[in-house]
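Read through the structure below, which is laid out as structure tokens, and then see the notes.
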Amino acid sequence: ESATYYIAVDLGATSGRLILALFDGEKISTEELHRFKHPMLPIADHLFWNLPGLYHEILTGLKTAAEKLNSLGAKARSIGIDTWGCDVAYFHADGTLAGLPYCYRDPHTTGAVDKFCEDMSKETVYGKTGIQFMDFNTLFQLYTIGKDQGNALHNSDKILFIPDALAYMLTGEAVTEYTVASTSQILNPTTGRLDDELLARIGLSEDRFGKLVNPGHRIGSLTPAVQQLTGLGEVPVIAVAGHDTASAVIGVPAKDANFAYLSCGTWSLLGIETPKPIINEKGFAYNFTNEGGLDGTIRYLKNICGMWIFERARTELKDAPASVADLCALYTESDIDSTINPDDPSFANPASMTQAICDYCERTGQKVPVTVADYVRLIFRSLALRYKEVLGWLRELSPKEINTLHVIGGGSLNAHLMQLTANELQMPVVAGPTESTALGNVLVQLRADARVSDLSEMRKVAINSTETKTYLPQ
Ligand code: LRH
């Protein structure tokens with residue numbers, strides 16, 4: 001069969017990219033067409049996302065895609081968008097934006113879980129949603145801003161998750177894609193629907209959201225204005241697994257079911273894929289989450305604060321090598337034994353990350369890092385130790401045996417972290433692909449285009465499309 005092209009828009013919390021993918025019937029090859037940073041914007045004492053700016057970057061990338069495709073004499077079969085989870089955008093009935101989306105790192109939700117749960121117990125909320133408690137979950141964001149009057153939430157017609165918001169701007173069609181809705185803590189994974197009682201608690205009803213759709217749904221075509229501006233023509237936008245972590249898990253090049261994954265980017269998401277939700281007391285106590293995946297699968301996982309700490313710290317370290325590889329190589333030049341708990345709230349968004357690390361070490365009676373190498377070693381060791389702890393819990397909770405860890409995302413390139421992780425976990429670590437999120441995005445588009453069938457066939461394509469590196473425990 002002939003080769004077909006797809007466009008993946010993949011937005012992480014610090015940078016975004018547009019990828020042109022070619023499927024030859026066996027494997028996907030990708031080319032990055034556009035990459036951009038998108039910092040959080042401090043406005044009026046809050047942190048916001050520049051959604052119009054993101055939209056503009058997407059249009060720029062789509063234009064580049066059109067030029068590239070024209071030069072190849074080819075057309076794109078579809079476009080898919082995935083982004084980080086939990087945040088939402090507000091729209092007026094006429095399709096215009098009602099204010100900027102709050103960024104999940106805005107501290108306005110600090111303490112929101114406890115406040116919300118004064119009226120509905122944590123057990124009840126967990127029983128309904130199976131979602132780990134984090135103050136920034138959509139439920140608590142909407143609860144927090146709902147208490148103030150006169151803001152975008154109250155003044156708007158529709159509430160859309162970020163991937164759906166961008167698809168809406170491109171097509172004029174409003175949907176709520178299931179995987180991104182699943183991480184909001186408003187959706188019930190057993191019924192697969194938004195929970196009426198939780199919605200009532202935040203004074204909202206289902207009709208404020210888009211129509212709930214599954215990954216693979218055709219949202220609509222680019223609007224005539226977007227077609228003209230980009231030169232792309234009438235290309236459909238497909239609801240892929242809009243939550244980036246869901247797309248990343250689809251892209252895991254796994255040969256059998258007995259694997260855990262670690263999606264290693266700004267966050268480290270460590271978990272397994274299960275056929276149905278696991279909602280029990282132990283999972284509640286360990287604060288594990290049941291997010292939705294493809295075809296009713298569940299991503300049973302835990303959020304670990306990941307490369308965020310490293311990325312933030314490196315911008316503050318004088319004399320730090322500019323290249324990540326050179327920076328990581330410093331690992332062996334320190335022998336500091338201090339470690340931090342990456343999930344300590346003090347690392348969520350401190351004014352200075354290096355200061356927060358030093359304060360933590362002092363508080364816990366450990367040696368304070370001094371050199372750049374100290375920071376590198378301290379951060380990597382702390383992450384590997386946390387992975388070990390969380391994997392131990394996962395093994396207690398998992399209905400299946402876990403014998404391999406697949407690490408996907410940018411962090412999989414970090415050889416020291418991968419080897420440390422294999423050593424701590426005493427398990428083989430299969431690293432790669434780095435762009436599994438974009439791969440998962442494209443795989444769902446392939447299926448919507450009837451070029452692959454089920455998840456196991458999609459994983460075969462993922463294997464064909466990926467080079468991995470295996471780290472054995474030492
Ligand atoms: C990773 C991620 C994660 C969410 C967080 C807000 O990018 O989507 O799954 O919990 O961002």
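Taken together, the values in this text are just the output of simple stated rules run on the coordinates, not laboratory data. On a predicted model such as this, the values are computed, not experimentally measured, just so you know. So basically every Cβ, Gly included, is an ideal-geometry build from the backbone, and we count neighbours across all protein chains shown.
Structural descriptor for the chain: relative contact order 16 percent, calculated from alpha carbon pairs under 8 angstrom and at least 6 residues apart.
Gain in length, residue 200 to residue 29, computed as 0.36 nm per residue apart minus the alpha-carbon separation, to one decimal in nm?
Working: separation 171, 0.36 × 171 = 61.56 nm, distance 4.60 nm.
Gain on stretching residue 200 to residue 29: 57.0 nm.
Taken over the alpha carbons of the range 119-186 as equal point scatterers, the Debye sum produces base-10 log I(q)/I(0) values at 0.19, 0.22, 0.23 Å⁻¹ of -0.87, -1.05, -1.09.
At a Förster radius of 45 Å, what calculated FRET efficiency corresponds to the Cβ-Cβ distance of residue 389 and residue 96, to the nearest 0.05?
Working: r = 47 Å, r/R0 = 1.04.
Computed FRET efficiency for residue 389 and residue 96: 0.45.
Shape analysis of the range 378-474 yields a ratio of the Cα radius of gyration to the Kirkwood radius, Rg/Rh, of 1.04. Each of 304, 408 has some number of other Cβ atoms within 10 Å of its Cβ, and from fewest to most they run 304, 408. When peptides 432-441, 144-153, 271-280 are sorted by average Cβ neighbour count within 10 Å, with the highest value leading, the order is 432-441, 271-280, 144-153.
Per the Kirkwood formula applied to alpha carbons, the range 311-381 shows a radius of gyration over Rh ratio, Rg over Rh, of 0.93. A compact globular protein would have a Cα radius of gyration near 2.2 N^0.38 Å; the ratio found for the chain is 0.94. Ordering 332, 378, 397 by Cα displacement along the dipole of the range 327-474 toward the positive end leaves 397 in first place; charges were set at the Cβ atoms of Lys, Arg (+1) and Asp, Glu (-1).
Would you list 299, 451, 381 from fewest to most Cβ contacts within 10 Å?
Working: 299 27, 451 17, 381 21.
With the sparsest Cβ surroundings first, the list reads 451, 381, 299.
May I ask you to list the residues of the range 390-406 whose amide nitrogen lies under 19 Å from a point 7 Å from Cα along the Cα→beta-carbon direction of residue 423? Within reach of a label on residue 423: 390-392, 405. Modelled label positions at residue 75 and residue 3, each set 7 Å beyond Cα in the direction of Cβ, lie 1.9 nm from each other.
About the centre of its Cα atoms, the range 136-250 shows a dipole size close to 40 debye [charges on the beta carbon of Lys, Arg (+1) and Asp, Glu (-1) only; nearest 20 debye]. Dipole size of the range 100-174 about its Cα centre, with +1 on Lys/Arg Cβ and -1 on Asp/Glu Cβ: approximately 60 debye, rounded to the nearest 20. Mean 1/r over all different Cα pairs, inverted: what Kirkwood radius does the range 48-178 give, in Å? Kirkwood hydrodynamic radius for the range 48-178: 16.7 Å.
Here is the link list: 318/469; 211/282; 37/75; 68/469; 318/367; 128/302. Which ones come out longer than 26 Å on Cα distance?
Numbers: 318/469 32 Å; 211/282 34 Å; 37/75 28 Å; 68/469 31 Å; 318/367 20 Å; 128/302 18 Å.
Beyond 26 Å between Cα atoms: 318/469; 211/282; 37/75; 68/469.
Under 20 Å from the Cα of residue 158, which aspartates and glutamates turn up, not counting those fewer than eight places away in the same chain? List returned: 82, 87, 94, 148, 173, 177, 195, 196, 197, 206, 207. In this simple spin-label model, placing a label point 7 Å from the Cα along the Cα-to-Cβ direction at both residue 151 and residue 402 gives a separation of 3.6 nm.
Once a ≥ b ≥ c are taken as the square roots of the eigenvalues of the Cα gyration tensor of the range 399-444, is the result rounded (a/c under 1.5), prolate (a/b larger than b/c) or oblate (a/b not larger than b/c)?
Working: a/c = 4.05, a/b = 1.37, b/c = 2.95.
Here the range 399-444 falls in the oblate category.
Is the range 10-68 best put as rounded, prolate or oblate by its Cα gyration tensor, with a ≥ b ≥ c the root eigenvalues, rounded for a/c under 1.5, and otherwise prolate when a/b is larger than b/c, oblate when not? Verdict is prolate for the range 10-68. With the charge dipole of the range 54-134 set up from +1 on Lys and Arg Cβ and -1 on Asp and Glu Cβ about the Cα centre, the Cα lying farthest toward the positive end among the listed residues 86, 103, 59 is that of 59.
For the range 30-101, the spherically averaged projection of the C-alpha convex hull amounts to 6.5 nm². Here the spin labels are modelled as points 7 Å beyond Cα on the Cα-Cβ line, and at residue 366 and residue 474 they lie 2.1 nm apart. Straight-line cross-link reach from residue 122 at under 13 Å between alpha-carbon atoms covers these aspartates and glutamates, not counting any fewer than eight positions away in the same chain: 114, 135, 281. Potential lengthening of the chain between residue 15 and residue 56 amounts to 13.4 nm, from the contour at 0.36 nm per residue minus the alpha-carbon distance. In plain terms, the residue of 339, 179 with the fewest other Cβ atoms within 10 Å comes first and the most crowded comes last, giving 339, 179. Can you pull the Kirkwood radius for the range 163-221, inverse mean 1/r over Cα pairs, to one decimal in Å? Answer for the range 163-221: a Kirkwood hydrodynamic radius of 12.0 Å.
Considering only the Cα atoms of the range 197-283, their convex hull presents on average a projected area of 10.1 nm².
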